[in-house]
Amino acid sequence: MKLMSRSTIVFLPVFLILTCFSVSAQTGAITGSISGSNGGHLGAATITIPKLQKGAASDSTGKFRLEQVPYGNWEMEVSFLGYRPYKKNVIVDKNEIIHDVVLTRAIDNSLNEVVVSGTMKEMSKLESPVPVEVYTARFFKSNPVPSFFDALQTVNGVRPQLNCNICNTGDIHINGLEGPYTMVLIDGMPIVSGLSSVYGLSGIPQALVERIEIVKGPASTLYGSEAVGGLINIITKKPGSAPLVSADVFGTTWGEVNADLAIKTNVGNKALALWGVNYFNYQNRVDNNNDNFTDVTLQNRVSVFNKWNFERKENREFSLAGRYIYEDRWGGEMNWARKYRGGDEVYGESIYTNRWELFGTYQLPVKEKIMFQLSANGHDQNSVYGNTSYMADQYIGFGQLTWFKTAGRHDLLTGLTYRYTYYDDNTPATADAVDIDKNKPANTNLPGLFVQDEIALNAQNKLLLGLRYDHSSIHGSIVTPRINYKWNSANKNNILRVSAGNGYRVANVFTEDHAALTGAREVVFINDLKPETSWNGNINFVKKLYAGNTFIGLDATAFYTYFTNKIIANYDTDPNKIIYDNLNGHAVSQGISLNIDVLFPAGLKILAGATAMDVYRKEGGRKIQQLFTEKFTGVWNIGYTFRSIGLTIDYTGNLYGPMRLPLLSEADPRKDWSPWWSLQNIQVTKKLGHGFEVYAGIKNLLNWTPNKGNPFIIARANDPFDKNVQFDASGQAMVTPGNPYGLTFDPSYVYGPNQGIRGFIGARYQLFK
């Protein structure tokens, strides 16, 4: 309550001051649609008014809406990958102006897309002082998958990492940093955190995604804790631009079935609602590596989504959305059944997840642009790992008030935030200090304040300064600054960005690290864990080249992150333990990455990227490579469209270099480094007209699985409860005739999916007005 009262004292006078500002100019909106010369709708086209530094993006149907445009005569620019920019003067003299655009000459690029994640406001990607990568729904359709988690496998520098061979839960790595360092937002709200950073990622259906924006490097100044390695912002579809009906259904030869259905409805004259449901089912027990354990987790998942947009005076924003997820997943011995859940007769990992989310945005009815955003979520986790149970409840509430103000060359942003977290489980994380058999729920409060000033020094130079202050009810005051500088050539074919910033993270081991629960290793905490801090710097250079009607885009980045107090999960000291402690030394993540985008006018497009990195810690004079972190990764997405027959072929894939893996003993026969490995896919899509298209293809063309070259993946799969393991006086497994390598049961040796080659076939349908 003390923290609440302080934040309220800060909030009230600031709010009263903000609401006193006003702007007398009348504003309207420019709406319309973007289409190509062949009549097809162009989604993710960029619409800007450069003089006002305003921008918007067209949705998947080509429709756009550019709001709060002052009355007057403005030059509007439209750009889209493969077309020359379109420029036209538009007179805004009423509430809404309709202006449809047809792009004809094919030669431009997609670097002008509108982004919001770097600075919390809509702006052209080229104008943003923070490098932001944008991936539209169209990009992910080249390799259809049932969830957002799987979709990221072809994004450079981003890797969905499986953390368990049995239940297949995972997290998302950015530039080699583990999942807890990645913040996942939905429509700018920090919804995917804590328990959902492991157990909720697979429940985000790809069908909800309009586009995904990725910022690599610390973003704690704007977004707070967890945004140390970077952030991923999932922008969901807007009801106003969504089709009346859309459906996408596909199945695989392994027996997986995924179905997405969405319907748009008008509610009265001033409200639009989008209703969506995703269902995924996989119930086929497969054991191709012959260890008596399921190669792929069996899943039954449903996700229901509802989003509302309300029409208000002067085009002020008001949206509200909610989502519910239920998932039942299990993996384990092939003869496992529900009656064995939680027992020590047959090993299985069974996870029931119930999760709800609510988030929305409301623009205050004042002439200044003041936005209030809120989110709330509840997560109920009912899990067993063999005979170890993990029962957890988590509730998070978040509120944010932001004020956007332009004053001459300064574009100011001020924000007040408050985050409340309730967490309770049956692990030592919430054990009572006096009686360890009793649990004491954790309640944390995190009010904060941030300011940002984007300074347009001139037409070619821009400076961004930011500072954030948070007060944790556990760790006290935390300050995170950042600075970004951008230079661009006069024609904007060359862009240089330099940035430096600070990040911090408060760790919650049992909610973030699945390895702390699975297998036979004991979890040990040496000391109370302190917040991690990091300092990051990166240099980004973007180059646009034109060779006749062929466009080539290059995007190169060098990054360096230095950690103090880093929390290390130590698998090496004791093979029977995972030891957590703050690092007595420092850790570094450094590397370079390159993205290349080539578009040929004949219909061939090539998107490719590569990242080389070195991620390690230094302790006691020793340099130790980080576990589960590759030194090289490459991705590609190559597509060719036969426009005359409406047929598209997509070839996607990735390539990973070796990564260090945890072994249990010196006699462990498994390799301590993974080999080079690659997942490759091919898909053919045929448009049938009237909104229908069908697609089919093959996933994992090389039939790669991590068991190749290894005698086994799961240690002692024949004795998952260690009933036949003999231990010495120090608690170490002994070498015996029945245990020749001195191992205990452990499924943490995992670096890639166990699912081999499979075919798939699907169909999509969209109905517009």
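For this structure, a couple of remarks:
- The residue pairs whose first member lies in segment 698-720 and is without any contact (Cβ under 8 Å) to a residue 40 or more places away in the chain, whose second member is surrounded by fewer than 17 Cβ atoms within 10 Å (Cβ to Cβ) and in a loop (DSSP other than H, G, I, E, B), and whose beta carbons are closer than 7 Å, counting only pairs six or more residues apart or on different chains, are G709/K671; G709/P675.
- In this entry, L655 is excluded by the filter for residues that are in a strand (DSSP E or B) and under 18 Å from N289 (Cβ atoms).
- Hits in segment 158-174 - residues which are within 13 Å of the chain's Cα centre (by Cα) and buried (at least 24 other Cβ atoms within 10 Å of the Cβ): V158, R159, I172, H173, I174
- Lone unmet requirement of (1) closer than 30 Å to G752 by Cβ; (2) touching a residue at least 40 places away in the same chain (Cβ under 8 Å); (3) not charged (D, E, K, R) for A247: (1)
- Considered as a group, the residues in segment 741-769 that are more than 28 Å from the chain's Cα centre (by Cα) and assigned to a strand (DSSP E or B) include one that is farthest from D59 (Cα to Cα), and that residue is D746.
- On inspection, K671 qualifies as among the charged types (D, E, K, R) and part of a loop (DSSP other than H, G, I, E, B).
- Among the criteria (1) closer than 17 Å to D287 by Cα; (2) surrounded by 14 or more Cβ atoms within 10 Å (Cβ to Cβ), the one P711 does not fulfil is (2).
- Test: residue in segment 680-693 that is within 19 Å of V296 (Cβ to Cβ) and modelled with pLDDT of 95 or more: yes
- Test: residue in segment 568-577 that is surrounded by fewer than 16 Cβ atoms within 10 Å (Cβ to Cβ) and either modelled with pLDDT of 90 or more or touching a Cys at 6+ places or on another chain (Cβ under 9 Å) (or both): no
- Among (1) under 30 Å from N724 (Cβ atoms); (2) surrounded by 15 or more Cβ atoms within 10 Å (Cβ to Cβ) - the single one T353 does not satisfy: (1)
- No other residue among S303, S375, S383 is hydroxyl-bearing (S, T, Y), in contact (Cβ under 8 Å) with a residue 40 or more places away in the chain, touching a Phe, Trp or Tyr at 6+ places or on another chain (Cβ under 9 Å) and closer than 30 Å to T27 by Cα apart from S375.
- Of all residues making up segment 336-363, the number that are of a type in the set (S, T, N, Q) and free of Cβ contacts under 8 Å to residues at least 12 places away in the same chain: 0
- Those residues of segment 187-214 which are at pLDDT 85 or above and of a type outside the set (K, R), in sequence order: D187, I212, E213, I214
- Of the residues making up segment 676-700, those that are part of a loop (DSSP other than H, G, I, E, B) and in contact with a Gly (Cβ under 8 Å, 6 or more places away or on another chain) are W676, N700.
- Set side by side, the residues E619, E630 differ, and just one is touching a residue at least 60 places away in the same chain (Cβ under 8 Å), of a type in the set (D, E, K, R) and more than 21 Å from Y83 (Cα to Cα), which is E630.
The values are calculated or read from the model by the stated rules, or taken from the named source; none is laboratory data. What you see is a predicted model, and the numbers here were worked out from it, not measured in a lab. Neighbour counts are summed over all protein chains in view; Cβ atoms, including those assigned to glycine, are modelled from backbone coordinates with ideal geometry.
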